[in-house]
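One structure is given below, encoded as C-alpha cells.
The values are calculated or read from the model by the stated rules, or taken from the named source; none is laboratory data. Every value quoted in this text rests on a predicted model; they were computed, and no experiment measured them. Using ideal geometry, Cβ is built from the backbone for each residue, glycine included, and neighbour counts are taken over all protein chains shown.
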Amino acid sequence: MPDGSPLGTVLITGGGGFLGGHLTRALLGRGDRPLLVSRSADPARLPLDLRDEVRLEAVDLCDAAQVERLFTRERPTTVFHLAGARGRDAAAAIRCAEVNVTATLRVLEAAMRHGAARVVMTGSAEEYGAQAGMLAESLPTRPASVYGITKAAGTALALALAEQGCPVTVLRPFTVYGPGQPSEMFLAAALKAAVSGRAFQMTEGRQRRDLVYVTDVAEALLAAAAAPVTGRVINIGTGQGHPLCDVARLVWRLAESAAPLQIGARPAAAHELFDTCADITLARELLGWTPRVELESGLRRTVEFLQGRGTAAQRDSGTAGAGTG
C-alpha cells in the first residue's frame with residue numbers, strides 16, 4: 001500500500017473523539033470517506049464540519065456479536081483503532097479494561113478474520129511509566145496507572161496477534177494537544193482558563209512532557225497505514241520534553257491573559273511526577289514521519305481556536321468531538 005494510495009474501505013473506532021476528528025479531516029482531504037464507529041450515533045458527537053461528510057454508527061466494541069456484524073457488512077481494508085477509555089482510580093478500572101483490552105481484542109480478531117489489509121491502533125506513553133531519559137520502544141513497559149496498565153495490555157495483545165498474522169501497527173503517542181482536546185486534560189484546562197480569564201491552579205510544574213500537536217499525530221496514523229511494517233510499536237512525539245510550568249507561562253503569553261496563573265498552588269499526585277520524552281528514531285526510519293508543528297505554533301493555533309480566530313475547520317471542530325469515542 002504505497003504512500004498516497006487509496007486506503008480502501010476505512011473504519012475508525014473512537015471516531016467521535018478528539019484524535020478521530022482530526023484523522024477524519026486528514027482522510028477526507030485525501031478523498032477517503034471513513035465510517036466512524038462510536039458509542040453513540042448521535043451526530044451531535046461529531047464536529048460541525050464533519051456531520052454531513054461521514055457516516056457515524058453506534059457499536060459496542062466489547063460486544064463480539066456487534067463487532068462481527070460490523071466487519072461482516074463493511075469488510076474494511078484499513079482500520080484505525082482509536083477507541084479508548086481513561087481513568088486512574090479503581091472506579092475507572094472496569095471501563096478501562098473493557099475498552100482498552102476487551103474491545104481491542106474484539107477489533108483485532110475481527111480484522112484478521114475479515115481480511116483487513118492494515119490495522120493501526122494507538123497505545124500510550126503511559127505504558128512506560130516512570131523511567132528516566134529518552135523513552136525508546138525497546139524499554140520494558142512499567143505502567144503505574146489503571147489507564148497505562150490497560151493500554152499496555154492492549155499493546156501486548158496486538159503484538160501477540162501480529163505474530164499470528166494480524167497486520168497491526170501500534171503507535172504510542174505522547175502528550176497530544178490541539179483544538180478540541182478533552183477539557184479534563186492539563187493543557188486543555190490551562191488554555192481554556194487563560195482564554196476565558198479564569199484563575200488556574202497547578203503544581204510546581206517541573207515535570208516535563210513531550211507535547212505533540214494533533215495534526216502531526218493524524219499524519220503519523222496515515223503514514224503507519226501506508227508503511228510496509230507491522231507488528232511494531234512506534235513512538236509518536238517530538239523528542240523534546242518541556243516543563244509544564246514553562247508551557248503554562250507560554251500559554252498565558254500567547255493568550256495575553258491577565259488571569260492569575262497560580263504555579264505551585266496544588267501538590268502533584270504521584271502519577272504526575274515523572275518526565276516523558278520520546279525517542280522518535282523508529283518513526284523517522286519506519287514511517288518517514290517527523291513532527292512539523294513546533295510547540296509555540298501549536299499552542300498559538302489552539303489559543304486562536306479557543307478565541308474564535310482559527311480556521312473554519314478549527315472553529316467547527318467545537319467540543320462535540322472531545323471524548324474518546
Task: Condition check for ALA110: surrounded by 21 or more Cβ atoms within 10 Å (Cβ to Cβ), closer than 25 Å to ALA65 by Cβ, among the aliphatic types (A, V, I, L, M) and in contact with a Phe, Trp or Tyr (Cβ under 8 Å, 6 or more places away or on another chain) - done: yes
Open item on the list: Can you tell me which condition ASP32 does not meet? The list is (1) under 18 Å from THR215 (Cα atoms); (2) in contact with a strand residue (DSSP E or B) (Cβ under 6 Å, 6 or more places away or on another chain); (3) surrounded by fewer than 14 Cβ atoms within 10 Å (Cβ to Cβ), and all the others hold.
Closed with: (3)
TODO: Considering each of ARG209, ARG253 in turn, give the residue that is among the charged types (D, E, K, R) and free of Cβ contacts under 8 Å to residues at least 40 places away in the same chain.
DONE: ARG253
Open item on the list: Six or more apart or on different chains, Cβ atoms under 6 Å: show the pairs whose first residue is in the range 213-229 and of a type outside the set (Ser, Thr, Tyr) and whose second is buried (at least 23 other Cβ atoms within 10 Å of the Cβ) and assigned to a helix (DSSP H, G or I).
Closed with: VAL214/HIS22; ALA218/HIS22; ALA218/LEU23; LEU221/LEU23; ALA223/LEU287; ALA224/LEU287; ALA227/LEU287
TODO: For the range 128-140, indicate whether the set of residues that are crowded, with 24+ Cβ neighbours inside 10 Å and in a loop (DSSP other than H, G, I, E, B) is non-empty.
DONE: yes
Open item on the list: Tell me whether the range 22-29 contains one or more residues that are under 26 Å from PRO228 (Cα atoms), β-branched (Val, Ile, Thr), modelled with pLDDT of 90 or more and buried (at least 16 other Cβ atoms within 10 Å of the Cβ).
Closed with: yes
Open item on the list: So if I check each of ARG113, ARG75, ARG86, ARG95, which one is closer than 27 Å to ALA283 by Cβ and out of contact with any Asp or Glu (no Cβ under 7 Å at 6 or more places or on another chain)?
Closed with: ARG86
